[in-house]
1. Go through segment 287-344 and give me each residue that's in a loop (DSSP other than H, G, I, E, B), among the basic types (Lys, Arg) and within 27 Å of residue 436 (Cβ to Cβ).
2. Looking only at residues that are near the ligand (Cβ under 10 Å from one of its atoms) and either more than 20 Å from the chain's Cα centre (by Cα) or in a loop (DSSP other than H, G, I, E, B) (or both) in segment 363-400, which one is surrounded by the fewest Cβ atoms within 10 Å (Cβ to Cβ)?
3. Does residue 138 satisfy being farther than 22 Å from residue 259 by Cβ, in contact with a helix residue (DSSP H, G or I) (Cβ under 8 Å, 6 or more places away or on another chain) and buried (at least 20 other Cβ atoms within 10 Å of the Cβ)?
4. For residues in segment 352-362 being within 21 Å of residue 272 (Cα to Cα) and in contact with a Ser or Thr (Cβ under 9 Å, 6 or more places away or on another chain), which is farthest from the ligand (Cβ to nearest atom)?
5. May I ask you to list the residues in segment 48-71 that are assigned to a strand (DSSP E or B) and under 27 Å from residue 367 (Cα atoms)?
6. Please give the number of the condition residue 303 fails out of (1) surrounded by 12 or more Cβ atoms within 10 Å (Cβ to Cβ); (2) under 27 Å from residue 408 (Cβ atoms); (3) modelled with pLDDT under 95.
7. Based on this model, can you work out whether residue 155 counts as within 14 Å of the ligand (Cβ to nearest atom) and surrounded by 20 or more Cβ atoms within 10 Å (Cβ to Cβ)?
Amino acid sequence: MPRTDASEEGAQPRVPRLIALHALAASIDFERYFRWRRAHEGDPFYVRFPGFGAALFTGTAEGAREMFQAPVEFLEPPRPNPIEPLVGAASLILTSGERHRQDRALLAPAFHGARIREYGEIIRDSTLREMSGETGPTWQPGARIDSRAAARAITLRVILAAVFGVDSHERRVEYTAGVAELLASFSGPLMLVPALRHGLLGHAPWDRFIVARDRLDRLIRADIARRRQGVDAPSSDILGMLLSTRYDDGTAPTDDELCEQLRTLLVAGHETTATTLVWGLFHLHRAPEALERLRMELREAGPGMRPIELAGLPYLDAVCQETLRLHPPVPIILRRLTGPCTLRGVALAPGDTMGVAVPLLHSDPDVWSDAARFDPDRFVERKYRPFEFAPFGGGHRRCVGAALADYELRIALATILGRVRLRLGPRYAHGPAPVSVPHNIATGPHRSIPFDVLSDLSH
Ligand code: HEM
């Protein structure tokens, strides 16, 4: 399909001035908003965020390649950053340069190869416990399941076990409430409009956010202190690992830095995966052939299959990838420039910001045919380049938890489908899919997607 590319025609893309309107559109439905901009202005195009300035966006594989392969020394996270209050300045998401490289080197081993395989049983167990009614309704015939609540409970449990080694009911309840409160208090307006970040005698949204953040930090700091005092046995979880690592100069992260890094993992590591699990269940239950094919693959694999083997099943893999293609939970990937760079023919200077609009990348007609359709086969038939399919971003900042998220999605989905037959709630069985809206750090369906449990397959 021909593309009208303003830069190719020699014209600079226009920087929009209607800040409020654009912000409103962005907080409603990023996917639609990006499609609208591409249709009107071609690629690349500017988007202006109130309080954060404008960013030049691309939604093409070529543009994504340019951004992900730009010289690392010229790239840093956007500043000011909409999620800074949530994750903190020491968060891996926000550091840059040598500090980022070293922090990544500390964290990355926790999310690689053998370490990830250790989490397999945790993921299966977390899914089964949720289904047995530990925090929500028991998944028995006749029950109605709020998929978002259930998926969040599963993924939060996994991250709590993996990061803090939390296995006691009381601590999990405290953390679950703490994380939920923090995320609920960090609303879209607080994220997008820095002017709202002021207290008002304890009654402003900002006040509520600070209270929630302090409460979660108290839990995290108590865990750090216990470990430092050797109260809990030294452990192979991520906190244990972080406490024993050192930077290149021999110093260790301070408690404040550790707290923000751990808060980041809690926040970044569960909502994204939970949302994807919900979308996966949603699409499978609207595509009976795909669902049956996946069930057959799982039946042939047998109930005793180990998590590591499950994760290698080709159709299960294709279903998860197709879900991430259609609904990338992080729809915007940004880089601020500290040196000159060119994006799709537009020259950018230090201080400028560029970005990949992932929903556009994942529906680029040059790469994806019939892009709006849920079709896992496209991932069975071919492999896509990292610039064509980038739900986890790319380059030196590609999601550090990607392998855990991939593993988790496959095992949780397989565990659920191996145990029960579900039916989509009546509102969504047919008709348009819910739109994806920003929730906090990730986007997700704008309203809850309920499922009815039809039968229990475990007997
Ligand atoms: C389906 C699930 C997930 C998706 C779609 C996702 C997506 C992303 C994306 C798009 C980025 C930005 C990459 C870039 O700037 O190029 C990112 C960064 C990050 N993610 Fe994830 N993520 C997921 C799960 C996780 C999990 C499970 C964890 C941790 C346990 C995690 C931790 C992080 C961290 C710490 C960063 C910052 C990396 C850096 O700047 O070096 N994410 N993620």
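The values are calculated or read from the model by the stated rules, or taken from the named source; none is laboratory data. Since this is a predicted model, take the numbers as computed values, not measurements. Heads up, the Cβs are rebuilt from the backbone with ideal geometry, glycines too, and the neighbour counts pull from every protein chain shown.
1. So in segment 287-344, the residues in a loop (DSSP other than H, G, I, E, B) come out as 287, 302-306, 311-313, 327-331, 338-340, 344.
From what's left, among the basic types (Lys, Arg): 306, 344.
The answer is 344, and nothing else.
2. The first filter runs over segment 363-400 and keeps only residues near the ligand (Cβ under 10 Å from one of its atoms), leaving 390-400.
Narrowing the set further to residues that are either more than 20 Å from the chain's Cα centre (by Cα) or in a loop (DSSP other than H, G, I, E, B) (or both) leaves 390-394, 398-400.
Details: 390: 27, 391: 25, 392: 21, 393: 22, 394: 18, 398: 14, 399: 21, 400: 21.
Out of the qualifying residues, it is 398.
3. Values: farther than 22 Å from residue 259 by Cβ: yes; in contact with a helix residue (DSSP H, G or I) (Cβ under 8 Å, 6 or more places away or on another chain): yes; buried (at least 20 other Cβ atoms within 10 Å of the Cβ): no.
No, not satisfied.
4. Here is the first cut: in segment 352-362, the residues within 21 Å of residue 272 (Cα to Cα) are 355-362.
The next check asks that each one be in contact with a Ser or Thr (Cβ under 9 Å, 6 or more places away or on another chain); those that pass are 355-357, 359-361.
Values: 355: 10, 356: 8, 357: 12, 359: 12, 360: 14, 361: 11 Å.
Step by step, filter segment 352-362, then rank; the result is 360.
5. Listed by number, the residues that qualify are 55, 56, 57, 58.
6. (1)
7. Working: within 14 Å of the ligand (Cβ to nearest atom): yes; surrounded by 20 or more Cβ atoms within 10 Å (Cβ to Cβ): yes.
It is true that residue 155 is within 14 Å of the ligand (Cβ to nearest atom) and surrounded by 20 or more Cβ atoms within 10 Å (Cβ to Cβ).
Condition check ((1) surrounded by fewer than 17 Cβ atoms within 10 Å (Cβ to Cβ); (2) more than 10 Å from the ligand (Cβ to nearest atom); (3) assigned to a loop (DSSP other than H, G, I, E, B)) across all residues:
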{"position": "73", "(1), (2), (3)": "yes, yes, no"}
{"position": "80", "(1), (2), (3)": "yes, yes, yes"}
{"position": "89", "(1), (2), (3)": "yes, yes, yes"}
{"position": "98", "(1), (2), (3)": "yes, yes, no"}
{"position": "101", "(1), (2), (3)": "yes, no, no"}
{"position": "105", "(1), (2), (3)": "yes, yes, no"}
